[in-house]
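Only one structure is covered here, and it is reproduced in the block below.
The values are calculated or read from the model by the stated rules, or taken from the named source; none is laboratory data. Quick caveat: nothing in here was measured; it's all calculated off a predicted structure. Reconstructed Cβ throughout: ideal geometry from the backbone, glycine too, with neighbour counts over all protein chains shown. Just the protein is used for accessible areas: all its heavy atoms, side chains included, with ligands, DNA and RNA removed. Shrake-Rupley method; radii C 1.70, N 1.55, O 1.52, S 1.80 Å.
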Amino acid sequence: MNKYSNFNNYIKEYPTEDGHFGPYGGSILPPELIDAFKEIDEAYQTICHSAKFINELRRIRREFQGRPTPVYHCERLSNKLGTSQIYLKREDLNHTGAHKLNHCMGEGLLATFMGKKKLIAETGAGQHGVALATAAAYFGLQCEIHMGEVDIAKQAPNVTRMKILGAKVIPVSSGLKTLKEAVDSAFEAYMHDYKDSIYCIGSVVGPHPFPLMVRDFQTVVGIEAREQFQEMTGLLPDAICACVGGGSNSIGLFVPFLADPVEIYGIEPLGRGPKIGDHAATMTFGSRGRLHGFDSYLLQDEKGQPLPVYSIASGLDYPGVGPEHANLKDLGRVHYEAVSDEEAMEAFFLLSRYEGIIPAIESAHALAGAIKMAREKRHASILVNLSGRGDKDLEYVVEHYGTGERFLK
Ligand SMILES: *Cc1c(COP(=O)(O)O)cnc(C)c1O
């Protein structure tokens, strides 16, 4: 036995039947929602293991999403940095330009099999809302997206996309008018309408069965990447890495590699620095806590309330993290490191200029982690999950960083 073979039966051991990953996860729900989540859990455990469901999802992934996405060797970037070879799993080429559609299509198909008519969710920056609205249009389902008024004002293009795709965007005006209030509002709407609708979470967070279900839908990333990398090189990568917000693109890459002799890195946003309110590095600075109906690491005050968080990447600014990551950290299998806004933006411009790929700022965090490892000569080959493309970020980037000359000297 070694530290990798301990993970041979990992998928069978985690989560437990009640949704625990070690001490983390579970489902802490108001009594009115217990039946609704139980229905989703039972449907998932049966329908999603039927050949009919699996084959239909495979067809959708191939014909609609454009999967498999390729693995790409960044030769010019690698040569510039030294001797480590950097490879990308190109989730930016997945339809809609990011990995989120992988679980939204799974959730939409499950809703169809369950006879539901409507998908309900919250969104922060709007990326999850757009992916879910896409799935709803594909399946001919209604779609209701709850979004804080502050976010609606900030993310106008995504609001427009959701509306064009036929979703109803519900403005949330309580509290700080951002993601937390949008979650409360979506839960409330779901509570009143769960017979005809299904709640669709945006990452591997929330009460059981969502961390399990979203993980399973995202493991297509790691399963493909492992096979493609071996086909390209005859080997496994020495290290893999991905950015961690809620943790879905990273867990999707990691899980198929857990029993392999591969070092695994989750990269968190250090933002402007380690002061409270300047970052969203939950694994690096957080402690065990409870948020949105599950237990995990949490950035929290003495009373257990979530602390304010910040990241230049709006998809990473969440004070919690998926419970499976918390467990993988405690088990010592995954390393968690944090990179700053500056480091992420350097990676953003390097990839654009040396490879002709403009990444999402979220994904640039993962690449920045790999660039650091390459400069330190830590690993001979590093496979990075490029979770999304950067089109959505261009306006912000140009306003704050111009076209990046200072990073390219
Ligand atoms: C939403 C998003 C993320 C963060 O979500 P995870 O659940 O941590 O994967 C990362 N990258 C992109 C491109 C996103 O849109």
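Quick notes
- Over the chain, Cα pairs under 8 Å with separation of 6+ residues give a relative contact order of 19 percent.
- Seen against the Cα atoms of the chain and their longest principal axis, helix 51-63 is set at about 50 degrees.
- C-alpha long axis of helix 100-113 to longest principal axis of the chain, angle in °: 30 degrees
- Cut-off under 5 Å, modelled amide H: who pairs with R333 long-range: none
- From phi via Karplus (6.51, -1.76, 1.60), per-residue ³J(HN,Hα) for region 390-401 in Hz, x at Gly/Pro: x, 3, 5, 9, 4, 4, 5, 4, 5, 4, 9, 10
- Dividing the summed -39500 (n - 2.57) terms of all DSSP H runs of n ≥ 4 by the residue count of the chain sets its mean residue ellipticity at 222 nm at -13000 deg cm²/dmol.
- With R₀ fixed at 22 Å, the C-beta to C-beta distance from E56 to K195 puts the FRET efficiency at about 0.40.
- Protein accessible area in region 244-358, 1.4 Å probe - carbon and sulfur %: 50 percent
- Ligands, DNA and RNA excluded, the heavy atoms of S174 present near 60 Å² of accessible surface to a 1.4 Å solvent probe.
- Each of K392, K195, K100, K303 has its accessible area taken with a 1.4 Å probe; listed largest first, they run K303, K195, K392, K100.
- Angle in degrees between helix 341-355 and the longest Cα principal axis of the chain, rounded to the nearest 10: 70 degrees
- FRET efficiency for the pair H400 and I11, taken as 1/(1 + (r/R0)^6) with r the Cβ-Cβ distance and R0 = 51 Å, rounds to 0.75.
- Solvent accessible area, Å² - V71, 1.4 Å probe, full protein context: 20 Å²
- Inter-label distance, I47 to L176: 3.4 nm, where each label sits 7 Å from its Cα along the C-beta direction.
- Probe 1.4 Å, accessible area per residue of the chain, Å²: 40 Å²
- Three-way shape call for region 87-129 based on the alpha-carbon gyration tensor, with the a/c threshold at 1.5: oblate
- Burial order of peptide ranges 221-231, 58-68, 393-403 (average beta-carbon count within 10 Å, highest first): 221-231, 58-68, 393-403
- Environment charge at K177 (Cβ cut-off 11 Å; Lys +1, Arg +1, Asp -1, Glu -1): -1
- Dimensions in Å of the chain - Rg and Dmax from alpha carbons: 19.8, 59
- Residue by residue, region 83-96 carries 3J(HN,Hα) couplings of 10, 5, 9, 9, 10, 10, 8, 8, 5, 5, 8, 5, 3, 6 Hz when phi is fed to the Karplus relation 6.51 cos²θ - 1.76 cosθ + 1.60 (θ = phi - 60°); x denotes Gly or Pro.
- Pairs of Cα atoms nearer than 8 Å and 6+ residues apart set the relative contact order; for region 184-286 it is 21 percent.
- Backbone phi angles across region 147-153, fed through the Karplus curve with coefficients 6.51, -1.76 and 1.60 (θ = phi - 60°), yield HN-Hα couplings of 8, x, 5, 5, 5, 4, 5 Hz in residue order; Gly and Pro are listed as x.
- Share of alpha-carbon pairs per 10 Å distance bin for region 36-93, given as whole %: 20, 25, 24, 18, 12, 2
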